[in-house]
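Taking it in order: structure first as structure tokens, then the write-up.
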Amino acid sequence: MTIQTTKEVQEMCCVCKGAKHDPAPIPQEGEWTKVKKIEEISGLTHGCGCCAPQQGTCKLTLNVKEGIIQEALIETLGCSGMTHSAAMAGEILPGKTILEALNTDLVCDAINVAMRELFLQIVYGRTQTAFSENGLPIGAGLEDLGKGLRSQVGTIHSTKEKGVRYLELAEGYILELGLDANNEVIGYKFIHLGKFTAALKKGVDYKTAFESNIGTYGRFADAVKVIDPRRE
């Protein structure tokens, strides 16, 4: 590529640069690195992004080794189309450099924004594994999902007239809410859907799989009244 300069610059005298300003070292997987090239960047980290109308969001997890995305976990919420975009992004991201991924259409605005936020974290040395020697192995992203490999989702609906309804929390899908004498929530019963479906896949009969994966939280056993949050 030919670099063009203006006539004014061509006629200037040359002033030599004295000090040598190298990149500031950033922490990467237990080391301090002066990064000058994309292939010198490694780390595992997370980032979130919203689409323009802000009707959905994405949490993106990338595990980068020597500039190449080796692992991607895409979790979306709030928009049905985003789930299909996540499927496509899951095929697109691995094998790309983080610079390629930053400039690739990942189908959904929310995923694109999350990629931008991750890029900034990674190149500035703000990854989750910045001070972890050798970082985390490929597959570590799945650990965020826990047993059953399901995203941790919290879905709550409430109205001024009728109060709060817990629908789904980290523990699982809410079956019943336990209320005290003042009609205040003191606990809930849930089913862990990931474990439940895993049991079904292993051939466990429906009733056993369902009942063995039910749990309670809080003071559910002390409830004066129990309600179905989706019907009552």
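What's the extension gain from Ala87 to Ile214 if we count 0.36 nm per residue and subtract their Cα-Cα distance?
42.7 nm
Report, in deg cm²/dmol and to the nearest 500, the calculated mean residue ellipticity at 222 nm for the chain, where each DSSP H run with n ≥ 4 adds -39500 (n - 2.57) and the sum is divided by the residue count.
Here the helix-only value at 222 nm equals -6500 deg cm²/dmol.
Quick one: dipole size for the chain, taken about the Cα centre, charges +1 on Lys/Arg Cβ and -1 on Asp/Glu Cβ, in debye to the nearest 20.
240
Are there trypsin sites (Lys or Arg not before Pro) in the stretch 167-232 that DSSP marks as loop and that have at most 13 other Cβ atoms within 10 Å, and which are they?
Lys202, Arg219, Arg230, Arg231
So how much slack lies between Tyr206 and Ala181, counting 0.36 nm per residue of separation and subtracting their Cα-Cα distance, in nm?
5.5 nm
Suppose a student asked you for the relative contact order of the chain, using Cα pairs under 8 Å spaced at least 6 residues apart; what percent would you report?
16
Most fluctuating residue of Thr97, Thr208, Thr129 in a GNM of the chain with Cα springs under 10 Å: which is it?
Maximum among the listed residues: Thr208.
For the chain, take the longest principal axis of its alpha carbons; what is the angle in degrees between that and the long axis of helix 80-92, to the nearest 10 within 0 to 90?
It is inclined by approximately 50 degrees.
At 1.567 mPa s and 4 °C, plugging the Kirkwood radius over alpha-carbon pairs of the stretch 25-144 into Stokes-Einstein gives what diffusion coefficient in µm²/s?
It diffuses with D of about 92 µm²/s by this estimate.
Estimate the FRET efficiency between Cys14 and Asp105 by the formula 1/(1 + (r/R0)^6), using the beta-carbon distance for r and 35 Å for R0, to the nearest 0.05.
0.20
Relative to the longest principal Cα axis of the chain, at what angle does helix 109-123 sit, 0 to 90 degrees, rounded to 10?
Taking the Cα atoms of the chain, the angle to 109-123 is about 60 degrees.
Among Ile174, Ile69, Ile41, which one shows the biggest mean-square fluctuation in a GNM of the chain, springs joining Cα atoms closer than 10 Å?
Per the Cα network of the chain with a 10 Å cutoff, Ile174 tops the list.
Calculate, for Lys7 and Gln128, the FRET efficiency according to 1/(1 + (r/R0)^6) with r their C-beta to C-beta distance and R0 35 Å; round to the nearest 0.05.
0.10
Between the stretch 190-232 and the stretch 4-20, what is the separation of their alpha carbon centroids in Å?
Taking the Cα centre of the stretch 4-20 as reference, the centre of the stretch 190-232 is 73 Å away.
Read-outs: derived from the displayed coordinates by stated rules, not from any lab. As the structure is a computational prediction, the values presented were derived from the model and not from experiment. Glycine gets a Cβ as well: all are built from the backbone with ideal geometry, and neighbour counts include every protein chain shown.
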